[in-house]
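A.B. asks: For reference, the structure I am asking about is given below.
The values are calculated or read from the model by the stated rules, or taken from the named source; none is laboratory data. Since this is a predicted model, take the numbers as computed values, not measurements. Quick reminder, even Gly has a Cβ in these numbers, built from the backbone with ideal geometry, and neighbours come from all protein chains shown. Note: accessible area is taken over every heavy atom of the protein model, side chains too, but ligands, DNA and RNA are not part of it. Shrake-Rupley method; radii C 1.70, N 1.55, O 1.52, S 1.80 Å.
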Amino acid sequence: DLGAGWVIVGHSERRAGCGETDQQVARKCDAALAAGLRPVLCVGENLAEREAGSTEAVVLRQLDAVIERLDREALSEISVAYEPVWAIGTGRTATPGQAQAMHRVIRERLVRAVGQAAETMRILYGGSVTPENAPGLFAERDIDGALVGGASLAADRFLKIIGAAAAAAAD
């Protein structure tokens, strides 16, 4: 009723703090689409999962729950945000290469699910994006933007991130 067009689904704080399962997140994506909202599906691993070498398995498990629930048309309406949980609010971030590698894995899975439509689906990076690391992240082929957290609370910092995104889009 307020005119919202997008909704964040599966954020790490909801998964960890509220115990949301992959299946619940998939149902929320479905419900959001039915209500006329486009979901930004958050996927990502915590530090223990990363250190165990489970990053890809965790992210694909989270993504696959949504792929299994939605048909091709509905799935092509979502965006995905890769948010390495170990980087959120810690000041740490994945290197551009690490983020690109995970974004490529996500894109490849989406290509298998929806075909060429996956090439235009947005895959965002959401792990402590700052004005300093944004240009390097946005220069990567499969990083289509950012899900900005704390840096969005300071207008000058947020504007620099927006500027980096605009510069990358112009290239």
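A.B. asks: Which of the residues spanning region 16-40 are in a helix (DSSP H, G or I) and free of Cβ contacts under 8 Å to residues at least 40 places away in the same chain?
C.D. replies: Selection gives Gly17, Gln24, Lys28, Ala31, Ala32, Ala34.
A.B. asks: Further question: Can you tell me which of Gly136, Gly150, Gly115 is on the phi > 0 side of the Ramachandran plot and either touching an Asp or Glu at 6+ places or on another chain (Cβ under 8 Å) or not charged (D, E, K, R) (or both)?
C.D. replies: Gly115
A.B. asks: While we're on this one: With the requirement that a residue be over 14 Å from the mean Cα position of the chain (by Cα) and of a type in the set (Val, Ile, Thr), what does region 1-28 give you?
C.D. replies: Thr21
A.B. asks: Looking at region 152-171 only, could you name the residues that are within 19 Å of Val40 (Cα to Cα) and without any contact (Cβ under 8 Å) to a residue 24 or more places away in the chain?
C.D. replies: Ser152, Ile162
A.B. asks: While we're here: Can you name the condition, by its number, that Ser128 falls short on among (1) among the small types (Gly, Ala, Ser); (2) buried (at least 16 other Cβ atoms within 10 Å of the Cβ); (3) out of contact with any Ser or Thr (no Cβ under 8 Å at 6 or more places or on another chain)?
C.D. replies: All conditions are met except number (3).
A.B. asks: Of the residues that sit in region 41-61 and are assigned to a loop (DSSP other than H, G, I, E, B) and either open to solvent by 70 Å² or more (accessible area, probe 1.4 Å) or not charged (D, E, K, R) (or both), which one is modelled with the lowest pLDDT?
C.D. replies: Out of the qualifying residues, it is Asn46.
A.B. asks: Would you please list the contacts, defined by Cβ atoms under 7 Å and residues six or more apart or on different chains, that run from a residue in region 125-141 that is of a type in the set (Gly, Ala, Ser) to a residue that is outside any loop (DSSP other than H, G, I, E, B) and open to solvent by less than 10 Å² (accessible area, probe 1.4 Å)?
C.D. replies: If the second residue must be outside any loop (DSSP other than H, G, I, E, B) and open to solvent by less than 10 Å² (accessible area, probe 1.4 Å), the pairs left are Gly126/Cys42; Gly126/Ala81; Gly126/Tyr82; Gly127/Ala87; Ser128/Ala87; Ala134/Ile161.
A.B. asks: So which residues in region 62-103 are open to solvent by 10 Å² or more (accessible area, probe 1.4 Å), part of a loop (DSSP other than H, G, I, E, B) and over 17 Å from Ala48 (Cα atoms), if there are any at all?
C.D. replies: Leu70, Asp71, Ser76, Glu77, Gly91, Thr95
A.B. asks: Tell me whether region 127-137 contains one or more residues that are under 12 Å from the mean Cα position of the chain (by Cα), at pLDDT 95 or above and within 23 Å of Ala65 (Cβ to Cβ).
C.D. replies: No.
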